[in-house]
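What follows is calculated from the coordinates using simple rules that are stated; it is not laboratory data. These numbers were taken from a predicted model, which means no experiment stands behind them. Reconstructed Cβ throughout: ideal geometry from the backbone, glycine too, with neighbour counts over all protein chains shown.
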Amino acid sequence: MGKDPTLDYYEENARAFARSTREADMSLARQAFLSRIPAGGRILDFGCGSGRDTKAFLDLGYAAEASDGSPALCREASAYTGLEVRCMRFEDLDAEEAYDGIWACASILHLKKEVLGKVFASMARALKGEGVLYASFKYGTFEGLRRGRHFTDFTEETFAAFLASVPVFETEETWISRDVRPGRDEEKWLNLLLRKKEG
């Protein structure tokens, strides 16, 4: 395998991971996100995993696209959604003013903080004027390897400090939720709805 333990993890566990996350109920977060997206708008599911949210966006009539860094997960998501999922690392996003919204649900949390700043800048470039980003991170202050994958966790305060160093978005809404997967409700998540800054 390669030098990225997180991608190695998903390559080795793609089918089990897809099965364990496909039924997770993210409808409330999707509704909050979609309330800010024009009807039929173009959405990038950035780090789509099982394809769960891509399929929901497609079923609701949005022009959804999907990408993931794991070839095995791309195959899982493509089979589930009927969409050709682009195999792409987060760092390789190079679109400009292409999307009304980017959905990064439990995905970009795998980036180290110094890389995350660059990816936030590229996500802003990929969004149309005043486009919207949804992102979620595990709640806390940990950064490093956890059970075979890299995680960068945030609290409201640490994320505000991070965003100040990459001033391309303004925060519209934040909320804390419990993990919706069975047996994981002790885990907390920081949910963020951010709007691209003009200029």
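Restricting to lysines 8 or more places apart or on different chains, can you count the pairs in the chain with Cα atoms under 17 Å from each other? Spell out each step's value before the answer.
Working: Lys3/Lys112; Lys112/Lys138; Lys113/Lys138; Lys118/Lys196; Lys118/Lys197; Lys128/Lys196; Lys128/Lys197; Lys138/Lys188.
Lysine pairs, 8 or more places apart or on different chains, close enough: 8.
Defining a contact as two alpha carbons under 8 Å apart and six or more residues distant in sequence, what relative contact order in percent does the chain show?
Numbers: 401 pairs, mean separation 37.9, N = 199.
Dividing the mean separation by the residue count of the chain yields 19 percent.
Kirkwood hydrodynamic radius computed over region 4-52 comes to 12.7 Å, based on all pairs of distinct alpha carbons. The phi-based Karplus calculation (6.51 cos²θ - 1.76 cosθ + 1.60; θ = phi - 60°) puts the 3J(HN,Hα) values of region 47-53 at x, 6, x, 5, x, 3, 7 Hz, whole numbers, x for Gly and Pro.
Per residue and in cubic angstrom, what volume does the convex hull of the Cα atoms of the chain have? Don't skip to the end; give the middle numbers.
Numbers: hull volume 21.9 nm³, N = 199.
Once divided by residue count, the hull of the chain is 110 Å³.
For the chain, the 222 nm mean residue ellipticity estimated from helices alone, with every DSSP H stretch of n ≥ 4 adding -39500 (n - 2.57) and the total spread over all residues, rounds to -10500 deg cm²/dmol. Region 85-139 and region 1-58 have their alpha-carbon centroids 13 Å apart. What does DSSP give for the chain in terms of the percent of beta bridges that are antiparallel, rounded to the nearest 5? Bridges in the chain that DSSP calls antiparallel: roughly 55 percent.
Ranked for footprinting exposure by Cβ neighbours inside 10 Å, fewest first, Asp45, Asp179, Asp59 give Asp59, Asp179, Asp45. For region 130-189, evaluate the Debye formula with one uniform point scatterer on each Cα (no solvent term) and list log10 I(q)/I(0) at q = 0.12, 0.28 Å⁻¹, rounded to two decimals. The Cα Debye sum returns log10 ratios of -0.35, -1.29.
Here the Karplus curve 6.51 cos²θ - 1.76 cosθ + 1.60, taken at θ = phi - 60°, turns the phi angles of region 126-135 into couplings of 6, 8, 5, x, 6, x, 10, 10, 10, 9 Hz, with x standing for Gly and Pro.
For region 5-67, the residue among Phe17, Cys48, Gly61 whose Cα projects farthest onto the positive side of the dipole built from Cβ charges is Gly61. Applying the Kirkwood pairwise sum to the alpha-carbon positions of region 101-158 produces a hydrodynamic radius of 12.1 angstrom.
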